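Working notes for the structure below.
The values are calculated or read from the model by the stated rules, or taken from the named source; none is laboratory data. The structure presented is a predicted model; accordingly, all values stated were derived computationally and were not measured. Cβ placement follows ideal geometry from the backbone for every residue including glycine, while neighbour counts extend to all protein chains displayed.
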Amino acid sequence: MNDLDLVGQDLGVRKAGSLPYLGPAGGVAIVLIANRVFQLPA
């Protein structure tokens, strides 16, 4: 921080919120649904 001449206020507000967690959660949901739907009969 000192090397870049930044203070805490220069960083701004974090804007991502929960969006980074929705991507992996959606991927896991797709895998589980596809496993249930496309499972070969025993």
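Taken together, LEU32, LEU40, LEU4 contain a single residue that is modelled with pLDDT of 90 or more, of a type outside the set (Lys, Arg) and either more than 18 Å from the chain's Cα centre (by Cα) or surrounded by 10 or more Cβ atoms within 10 Å (Cβ to Cβ) (or both), which is LEU32.
Scanning region 11-29 for residues that are among the hydrophobic types (A, V, I, L, M, F, W, C) and at pLDDT below 85 turns up LEU11, VAL13, ALA16.
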